[in-house]
Amino acid sequence: MSVTGTVHHADMIVINGRVLTMDDDNPIAEAVAIKDGSIVAVGHRNAVEALKGPATKVVDAKGSSVLPGFIEAHMHLFSGAAELGHLQLAGVHGFDALKQAVLAYAASKPDVPMLVAQSADYTILGEERVTRHHLDAILPDRPFCMAAPDHHTMWANTKALEAAGVLHGRTLGPGNEIVMGEDGLAEGELREGEAFGPVLALAGEERVRLGLSTGGEPDPAPTAQQRATDRDIMRRGLAWCAQHGITSIQNMDGNLYQLELLSEIEAEEGLSCRVQVPFHFKNFMKLDILEKASAMAERFNSEWLSSGIVKVFYDGVLDSWTAVMIEPYADRPDWVGEPLFTPDEFKELAVAVDARGLQIAVHAIGDGAVQAVLNGYEAAAKANGKRDSRHRIEHIEVVAASDIPRFAELGVIASMQPPHPPGAMDFPLEPTISRIGKERWPLSYAWRTLKNAGAHVVFASDWPVSPIDPIRGVQAAVLRKPWADSDPDQSFSLTESLAAYTVEGAYAEFKEHRKGMLKPGFLADLVVLSHDIETVEAQRLHEVRPVTTICGGRVTYQS
């Protein structure tokens, strides 16, 4: 039993649980006591019940697992929350099914200026590539677009392309493409944000995407009414997180506006999750804008709302050949992808951000991108001196063998997503695994390889790219199968997976002494599940649901 000081009465006690503390010194307990937003005792039921007073709230876990609240280490809160209202196409295949779904959605939204759908597989029409003509055959008279699950490709009908002014193409920055047809008109496939930004803007939701698209602020400044609308979108996202047992969010796009909206919600009714929001540095920015990143870090620095991290995209994704590879794509032998920064530009950026004492998180999917980012981090340590910087690389879908030991050597966090490997959860095997090519399979989504090499591996969903549910993520990690028998096993055990969603998430934001475990003195962030998760067979883990989510000692979700 571990207790802090003398506690007269707890505000809340959680009893009758199988408490998985994630604390090696005291791994299993029966009950937890909470006071003033912190944990004051973890141990036997009798000892914890002794802290019960007349006003103490009692949560009965009924023999189920009690865990530290999940830490979602990579997600997009604002745009994800907005997308909860869009048409969801996950699991829809074939033209007829697509037509039925789109027409039903269009009928239910007669007044929406632009209809938007999410999670359309690259293979939604089988072998056939989606064009505007397919979408025109479904919906000729209203602007419509649909996004791939990875949010790096969109397909739009002619009406949408016309209204957005991109039917005849336009000049774009590196790594972005409006696919053009033989007829000199856009085919309907739009690769990366600059290509589909004008189309999405027709939906009137561009403020939710600014943290991703420009890293800048809304211009003109939103009206009081628009701010209220945006706060409601944000609230919907926070509630969705709490419903899935999440108590901390490391957002992976950002601007000052998002921090201000969250700060307004905090002042009004308190936040239901702790949120870290980065400054998003884009390749068209100059280094002096990092002054703003430092200012955001200084102004927002509490345990509820913080910044202090700079997010960067170095490449795109495998499925649209926009990820940067060392050797050419297996199905496109003359192409390695085009980076969003030159290696030298990135080095200069890494040195500048690191010199400010800020953390860096870079989206790097291809092995060429991962290598360039590691080189940048190495340059920063050389230029500024080595410190406990915990810079991160996001995704790491393919990695070169020679770069694996560099994560531990440079103290770089491998931020990876169990739902992402094709075949692990919702993403189909093709086209991705053919694009990567068999030679690179052993080093694809190499969680176990990186962990064995001493890297800190942190898990997340990348919602709304994948479903937010951490328990489904845990299941995907436990059940992960190699694509070829000769490939190494990259799966994680249940305990390792849970740690990657708790302990490692806390480490990633320098908060391992405050959260990620259930122990006295730590923040009272926990989740009570519907089952004893250790007794549930792996195939059925998705049936385990959060029943009660507690953040800062407050119940933020109750099933």
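The values are calculated or read from the model by the stated rules, or taken from the named source; none is laboratory data. Fair warning: this is a prediction, and the values are worked out from it, not measured in the lab. Cβ sites come from the backbone with ideal geometry, for glycine too, and all protein chains shown count toward neighbours.
Summary of computed values
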quantity: Enumerated strands (runs of 3 or more DSSP E) restricted to segment 20-94, each holding at least 1 residues that are touching a Ser or Thr at 6+ places or on another chain (Cβ under 7 Å); calculated: 38-43, 57-60, 65-68, 70-75
quantity: Within segment 276-311, considering residues that are in contact with an Asp or Glu (Cβ under 9 Å, 6 or more places away or on another chain) and among the β-branched types (Val, Ile, Thr), the one surrounded by the most Cβ atoms within 10 Å (Cβ to Cβ); calculated: Val277
quantity: Odd one out for Arg390, checked against (1) assigned to a helix (DSSP H, G or I); (2) touching a residue at least 60 places away in the same chain (Cβ under 8 Å); (3) under 30 Å from Leu541 (Cβ atoms); calculated: (1)
quantity: Criterion (touching a His at 6+ places or on another chain (Cβ under 8 Å) and surrounded by 18 or more Cβ atoms within 10 Å (Cβ to Cβ)) met by exactly one of Val465, Val457; calculated: Val465
quantity: Residue check for Ser248: of a type in the set (Gly, Ala, Ser) and touching a helix residue (DSSP H, G or I) at 6+ places or on another chain (Cβ under 7 Å); calculated: yes
quantity: Yes/no for Val179 being surrounded by 19 or more Cβ atoms within 10 Å (Cβ to Cβ), modelled with pLDDT of 95 or more and of a type in the set (Val, Ile, Thr); calculated: no
quantity: Count - residues of segment 529-546 that are among the aliphatic types (A, V, I, L, M) and under 16 Å from Cys273 (Cα atoms); calculated: 0
quantity: The lone exception for Leu374 - which of (1) without any contact (Cβ under 8 Å) to a residue 60 or more places away in the chain; (2) in contact with a Gly (Cβ under 6 Å, 6 or more places away or on another chain) it fails; calculated: (2)
quantity: Qualifying positions in segment 428-449 - closer than 24 Å to Ala361 by Cα and either touching a Phe, Trp or Tyr at 6+ places or on another chain (Cβ under 6 Å) or among the aromatic types (Phe, Trp, Tyr) (or both); calculated: Tyr445, Trp447
quantity: Elements of type strands (runs of 3 or more DSSP E) in segment 154-260, at least 1 residues being without any contact (Cβ under 8 Å) to a residue 60 or more places away in the chain; calculated: 177-180, 186-191
quantity: Set Thr131, Thr153, Thr158: member being under 20 Å from the mean Cα position of the chain (by Cα), assigned by TED's automatic domain parsing to the domain that holds Ala195 and either surrounded by 21 or more Cβ atoms within 10 Å (Cβ to Cβ) or modelled with pLDDT of 95 or more (or both); calculated: Thr153
quantity: Residue match in segment 462-472 (condition: modelled with pLDDT under 95, assigned to a loop (DSSP other than H, G, I, E, B) and touching a Lys or Arg at 6+ places or on another chain (Cβ under 9 Å)); calculated: yes
quantity: Test: residue in segment 45-59 that is β-branched (Val, Ile, Thr), within 27 Å of the chain's Cα centre (by Cα) and surrounded by 13 or more Cβ atoms within 10 Å (Cβ to Cβ); calculated: no
quantity: Candidates Ala383, Ala408, Ala476, filtered to the one that is crowded, with 19+ Cβ neighbours inside 10 Å and either outside any loop (DSSP other than H, G, I, E, B) or touching a residue at least 12 places away in the same chain (Cβ under 8 Å) (or both); calculated: Ala476
quantity: Condition broken by Phe510, with the remaining ones in (1) in contact (Cβ under 8 Å) with a residue 12 or more places away in the chain; (2) hydrophobic (A, V, I, L, M, F, W, C); (3) buried (at least 16 other Cβ atoms within 10 Å of the Cβ) satisfied; calculated: (3)
quantity: Among the candidates Val353, Val310, Val275, residue that is assigned to a helix (DSSP H, G or I), under 25 Å from the mean Cα position of the chain (by Cα) and of a type outside the set (S, T, N, Q); calculated: Val353
quantity: Answer from Glu269, Glu303, Glu291 - the residue that is under 16 Å from Gly237 (Cα atoms) and of a type outside the set (Val, Ile, Thr); calculated: Glu269
quantity: Members of segment 492-517 that are part of a loop (DSSP other than H, G, I, E, B) and touching a helix residue (DSSP H, G or I) at 6+ places or on another chain (Cβ under 6 Å); calculated: Phe492, Tyr501, Glu512, Lys515, Gly516
quantity: Failed item, numbered, when Arg540 is tested on (1) surrounded by fewer than 24 Cβ atoms within 10 Å (Cβ to Cβ); (2) part of a loop (DSSP other than H, G, I, E, B); calculated: (2)
